[in-house]
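Q: Right, I'll just put the structure down here and ask away after.
The values are calculated or read from the model by the stated rules, or taken from the named source; none is laboratory data. Quantities reported herein were computed from a predicted structural model and do not represent experimental measurements. Heads up, the Cβs are rebuilt from the backbone with ideal geometry, glycines too, and the neighbour counts pull from every protein chain shown. We work out accessible area using only protein heavy atoms, side chains counted, and drop any ligands, DNA or RNA first. Shrake-Rupley method; radii C 1.70, N 1.55, O 1.52, S 1.80 Å.
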Amino acid sequence: MFRRLPIFVCVVIWLCSLEAPGQDPDYTLWIPYGFAMCGDAAVYLDSSGGDLVHGWSFGVCNGTGLVIEDVEMGDAVAALNGGVGPDYYQADLYFSGFTTGVVVDFDLVTGLGSAEGQ
């Protein structure tokens, strides 16, 4: 077993050093800096890639001094599919944040077009 250990360690180090692709700069998710500790906050998507966005998922975590009481879809999401909203919307609250997932249209016919701050 001791003869195999150096080879195993080299393989693990090599796998961990592979470059991972970063976020596509044409699609940026952001939260405005300095929003109030009490009140509404929003998460925005800037999409300048030219392609329709057919879905997304993300999570937000927070410190212990902040409590998230509810997660709702914004006006731009509710207006998708001719005002019907997305085909799938799921938001889950946790003690330390939330996760959300959206599929705009299961048939990939409609989507969120290029826009800033949606």
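Q: Which count do you get for residues in segment 80-118 that are at pLDDT 85 or above and either touching a Phe, Trp or Tyr at 6+ places or on another chain (Cβ under 9 Å) or within 30 Å of Gly65 (Cβ to Cβ) (or both)?
A: Residues that pass the stated criteria total 19.
Q: Quick check on my filter: what residues within segment 52-62 are assigned to a loop (DSSP other than H, G, I, E, B) and open to solvent by 50 Å² or more (accessible area, probe 1.4 Å)?
A: The answer is Leu52, His54.
Q: Going through segment 81-112 one residue at a time, which ones are in contact with a strand residue (DSSP E or B) (Cβ under 8 Å, 6 or more places away or on another chain) and among the charged types (D, E, K, R)?
A: The answer is Asp87, Asp92.
Q: In segment 65-116, how many are open to solvent by 40 Å² or more (accessible area, probe 1.4 Å) and under 14 Å from the mean Cα position of the chain (by Cα)?
A: 6
Q: What about Val43, is it surrounded by 15 or more Cβ atoms within 10 Å (Cβ to Cβ), closer than 22 Å to Thr28 by Cα and within 17 Å of the chain's Cα centre (by Cα)?
A: No; evaluated as a whole, the condition is false for this residue.
Q: Can you pull out every residue in segment 63-90 that is of a type in the set (S, T, N, Q) and not in a strand (DSSP E or B)?
A: Listed by number, the residues that qualify are Thr64, Asn81.
Q: Touching a helix residue (DSSP H, G or I) at 6+ places or on another chain (Cβ under 7 Å) and assigned to a strand (DSSP E or B) - does that describe any residue in segment 101-108?
A: Yes, there is a match, as at least one residue in segment 101-108 is touching a helix residue (DSSP H, G or I) at 6+ places or on another chain (Cβ under 7 Å) and assigned to a strand (DSSP E or B).
Q: For segment 33-51, which residues satisfy the criterion of being in a loop (DSSP other than H, G, I, E, B), at pLDDT 75 or above and over 16 Å from Glu69 (Cα atoms)?
A: Once the filter is applied, which keeps residues that are in a loop (DSSP other than H, G, I, E, B), at pLDDT 75 or above and over 16 Å from Glu69 (Cα atoms), segment 33-51 yields Ser48, Gly49, Gly50, Asp51.
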